[in-house]
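The values are calculated or read from the model by the stated rules, or taken from the named source; none is laboratory data. Quick caveat: nothing in here was measured; it's all calculated off a predicted structure. Note: ideal-geometry Cβ built from the backbone for every residue, glycine included; neighbour counts use all protein chains shown. All accessible areas refer to the heavy atoms of the entire protein, side chains included, with ligands and DNA or RNA removed. Shrake-Rupley method; radii C 1.70, N 1.55, O 1.52, S 1.80 Å.
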Amino acid sequence: MTMYGAIEAGGTKMVCAVGDETGKIIESTVIPTETPALTMPQIIEWFKKFDIKALGLACFGPIDLHEESETYGYITSTPKLEWENFNILGCLKEALNVPVGFDTDVNGAILGEMAYGSAKGLTDAVYITIGTGIGGGVLSNGKLLHGMLHPEIGHMFIPRHPKDDFTGLCPYHGSCFEGLASGPSIESRWGAPGAELSDREEVWDLEAYYIAEAITAVTMVLSPQRFILGGGVMKQEQLFPMIRRYVGQMIAGYLRTKELEDLNSFIVPSSLQGNQGILGALKLAIDAAE
């Protein structure tokens, strides 16, 4: 059996797995994201137990995805300062001596959904994770979108709700999408974590409003066939009908497509039990081997 390695590299933990060409995970482990000096040797040691054909790395960022760049494979201007300007791709290639597919963590998530989940068969879809931070991965014309760098949907600017005076928590932009609607922003605005606010309708109405603004803006720019929403905040399932209602109001009949006629299918929860990121990393490995 041919085995492939996969890493979903997050700001708090590194999920490592090996799987086969069908997307079946054979074995996995979780390693805390501490410093490169502490974390990387543990990852490398774990993968050396397996005979993998290739590795896929879906990594937190920002990262450099341009192969012609001197810093290709580096984590660049991350707020996690211990990892700033770290050549994570080069470190893994040198230690494991296999091809490595490399992309953002959220592009990995939309790739997982495309290969094995609710974006299967689509050419254009967007995955947004809303939790400690907000990020977005984009499938455009059947390919992961990179461009100048890679999408940073969490840092797009959206209009503040007229009744919201919260300044926003983003250390770079204050009141960007992440600054207004991430999990820490909810806690800072309302004085308690979201998990303790489930019965507060006003909390989720405001959250749905901001998520809907972001979805509407991305819809106008990228025209995807589906939005897939994941992350800790989206475990508040009451958000989905509220978001759909606001999106319908914000689009205001300007776009008329079969997708927008069925907002229940246009805006959906993640479909892979939280495994879309590691499955996307596995698909990166399979593609790298090919």
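Return a yes/no flag: does the stretch 9-24 have any residue that is of a type in the set (Lys, Arg) and assigned to a loop (DSSP other than H, G, I, E, B). It would help to see each step written out before you state the result.
If we filter the stretch 9-24 for residues that are of a type in the set (Lys, Arg), which is where we start, we get 13, 24.
Filter once more, keeping what is assigned to a loop (DSSP other than H, G, I, E, B): 24.
Yes: one or more hits.
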What are the pairs, 6+ residues apart or on separate chains, where a residue within the stretch 158-181 that is in contact (Cβ under 8 Å) with a residue 40 or more places away in the chain and under 22 Å from Met220 (Cα atoms) has its Cβ under 7 Å from a residue that is among the β-branched types (Val, Ile, Thr) and part of a loop (DSSP other than H, G, I, E, B)? Phe177/Ile158
Could you check how many residues of the stretch 231-281 are open to solvent by less than 10 Å² (accessible area, probe 1.4 Å) and either polar (S, T, N, Q) or touching a Phe, Trp or Tyr at 6+ places or on another chain (Cβ under 6 Å) (or both)? 2
Among the residues in the stretch 222-241, are any assigned to a helix (DSSP H, G or I) and hydroxyl-bearing (Ser, Thr, Tyr)? no
Would you tally the residues in the stretch 125-148 being surrounded by 15 or more Cβ atoms within 10 Å (Cβ to Cβ), part of a loop (DSSP other than H, G, I, E, B) and more than 12 Å from the chain's Cα centre (by Cα)? 2
Can you pull out every residue in the stretch 180-212 that is of a type in the set (Asp, Glu) and either more than 25 Å from Gly11 (Cβ to Cβ) or in contact with a Ser or Thr (Cβ under 7 Å, 6 or more places away or on another chain) (or both)? Asp199, Glu201, Glu202, Asp205
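Can you tell me how many residues in the stretch 219-230 are exposed (fewer than 15 other Cβ atoms within 10 Å of the Cβ) and of a type in the set (S, T, N, Q)? Before you say what the answer is, go through the steps one by one.
Within the stretch 219-230, the subset exposed (fewer than 15 other Cβ atoms within 10 Å of the Cβ) is 220-221, 223.
With the extra rule that they be of a type in the set (S, T, N, Q), the set shrinks to 223.
Of the residues in that region, 1 qualify.
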Which residues, counting only those in the stretch 76-91, are more than 12 Å from Thr33 (Cβ to Cβ) and in a strand (DSSP E or B)? Asn87
For the stretch 36-81, give me each residue that is open to solvent by 20 Å² or more (accessible area, probe 1.4 Å), under 21 Å from Ile128 (Cβ atoms) and touching a helix residue (DSSP H, G or I) at 6+ places or on another chain (Cβ under 8 Å). Gly61
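Look through Ala109, Ala115 and report the one residue that is under 21 Å from Lys53 (Cβ atoms), assigned to a helix (DSSP H, G or I) and of a type outside the set (Val, Ile, Thr). Step through it out loud before you land on a result.
On the way: Ala109 fails: under 21 Å from Lys53 (Cβ atoms).
Just a single option satisfies the conditions, and that option is Ala115.
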Please go through the stretch 1-35 and pick out each residue that is open to solvent by 80 Å² or more (accessible area, probe 1.4 Å), among the hydrophobic types (A, V, I, L, M, F, W, C) and either in contact with a strand residue (DSSP E or B) (Cβ under 6 Å, 6 or more places away or on another chain) or under 12 Å from Ile278 (Cα atoms) (or both). Val30
